[in-house]
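A short reminder: the numbers here are calculations on the coordinates, not readings from a lab. Keep in mind it's a predicted model, so treat the numbers as computed, not measured. So basically every Cβ, Gly included, is an ideal-geometry build from the backbone, and we count neighbours across all protein chains shown.
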Amino acid sequence: MQAEQIVPQRSSVYQIVTAKIIEQLQNGVAPWLKPWRAEAPCNLVTGKPYRGVNPFLLAPQGYGSRYWLTFNQANKLGGHVKKGEKSSIVTFWNIGEEKIATSADGVQRKSKPILLRYYNVFNVDQTEGIAEKLGLGKSGPRVADIEACERIVSEMPNKPAMAQHMQASYRASTDTVSMPAKTAFSNPEYYYSTLFHELIHSTGHQSRVGRDGIQHVESFGSESYSREELIAELGAAMLCGITGIIPATLTNSASYLQSWIEVLKGDSKLIVSAASAAQKAADYIKGGAL
């Protein structure tokens, strides 16, 4: 049975992106829980890694190469996209020209329109005459780098207080991350993945990035609670991705997936805004660690 489509005609970019994430959830996997096979996806021509929501649109598709490019870029490199291949999308923020608006009370305010846009890309595996010419081999499977995990944690600027407890959590009132002992986890990957999740929460403290979902905590199941949890899951996945470790929360149960489907259906802007906040949080934690 074909997955339900939620995108109406003349869809906004937010709706298109959300529909693609929901499609992955409906196919039985949360894109932020699926281990990345290779290094973070990046554009072949510019060499810049994709950020925000884009890795979760591209990496889970399972191609062997981390490199992506547009149809025109493929042609300019002397290759071409294979017949019948379907493109993927990546988003970007389009910043318009500065405008001055005058309010009813005569006050002038400057503003720049910022709109979410997208363009189509193809993985190098979907092309011919490029990988061979540039000597691009297949990306090998990621190897967990526990030393990199420890380096990120130890070099995080303005770290919260740490305490040992039977449950992993972050308490904003005391700015404390609580964690079970490392030996309580089945392997170091699960320990650091869990710690990354809580450290992402801690970046919401006003002394760091600052987020309402942490500074004004609401009840379980509320809109702000769901957004903060999504930020923590996405941010932890970003840190797991760059260190090659597997996310600790490996459950892809039907109830888990359905809960996120319902949340995302209720707010088409959530996944984009949460991914943007998660990127800021991950960037803050990394500091100069890598």
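I'd like to compare 172-178, 223-229: which one has the highest average count of other Cβ atoms within 10 Å, and what's the full order after that?
Descending mean neighbour count gives 223-229, 172-178.
Considering the Cα trace of the chain, what is its radius of gyration and what is Dmax, both in angstroms?
20.5, 64
Highest mean first, how do 182-192, 83-93 rank when packing is the count of other Cβ atoms within 10 Å averaged over residues?
182-192, 83-93
As a test of the formula, what do you get for the chain when each DSSP H run with n ≥ 4 contributes -39,500 (n - 2.57) and the sum is divided by the residue count, at 222 nm and rounded to the nearest 500 deg cm²/dmol?
-11000 deg cm²/dmol
Using alpha carbons only, how many angstrom separate the centre of the range 73-94 from the centre of the range 255-290?
Comparing the Cα centres of the range 73-94 and the range 255-290, I get a distance of 26 Å.
Three principal axis extents, largest first, for the C-alpha atoms of the range 70-142, in Å?
Projected onto the principal axes, the Cα atoms of the range 70-142 cover 63, 30, 21 Å.
How big is the charge dipole of the range 114-195 about its Cα centre, in debye rounded to the nearest 20, if each Lys and Arg gets +1 on its Cβ and each Asp and Glu gets -1 on its Cβ?
It comes to approximately 220 debye.
Looking at S259, Y50, T183, which one has the Cα that reaches farthest to the positive end of the dipole of the chain (charges on Cβ: Lys, Arg +1; Asp, Glu -1)?
Looking along the dipole axis, the top candidate is Y50.
Where the only charges are on Cβ atoms (+1 Lys, Arg; -1 Asp, Glu), what is the dipole of the chain about its Cα centre, to the nearest 20 debye?
Result for the chain is approximately 840 debye, rounded to the nearest 20.
Just to be sure I follow the rule: in the range 146-286, considering lysines 8 or more places apart or on different chains, how many pairs have Cα atoms under 20 Å apart?
4
With both bridge residues required to lie in the chain, what share of the DSSP beta bridges run antiparallel, to the nearest 5%?
The antiparallel proportion sits near 75 percent.
Identify, among G64, Y192, N120, the residue whose Cα sits farthest towards the positive end of the charge dipole of the chain, taking +1 on the Cβ of Lys and Arg and -1 on the Cβ of Asp and Glu, with the dipole about the Cα centre.
Checked the options; the winner is N120.
Which of the peptides 95-101, 112-118 is most tightly packed, and how do the rest follow, going by the mean number of other Cβ atoms within 10 Å of each residue?
112-118, 95-101
What list do you get for V124, V107 if you sort them by fewest beta carbons within 10 Å?
Lowest to highest Cβ neighbour count: V107, V124.
Shape verdict for the range 177-217, please, from the Cα gyration tensor: rounded (a/c under 1.5), prolate (a/b greater than b/c) or oblate.
prolate
In straight Cα distance, which lysines are under 27 Å from K83, not counting same-chain residues fewer than 8 positions off?
Once the sequence-local lysines are set aside, what remains near K83 is K20, K48, K133, K138.
Using the Cα centre as the reference, give the magnitude of the dipole from point charges on the C-beta atoms of the range 146-286 (Lys, Arg: +1; Asp, Glu: -1; all else neutral), rounded to the nearest 20 debye.
180
More than 23 Å apart: what percent of Cα pairs in the range 140-290 qualify?
Above the 23 Å cut-off, the range 140-290 has 34 percent of its Cα pairs.
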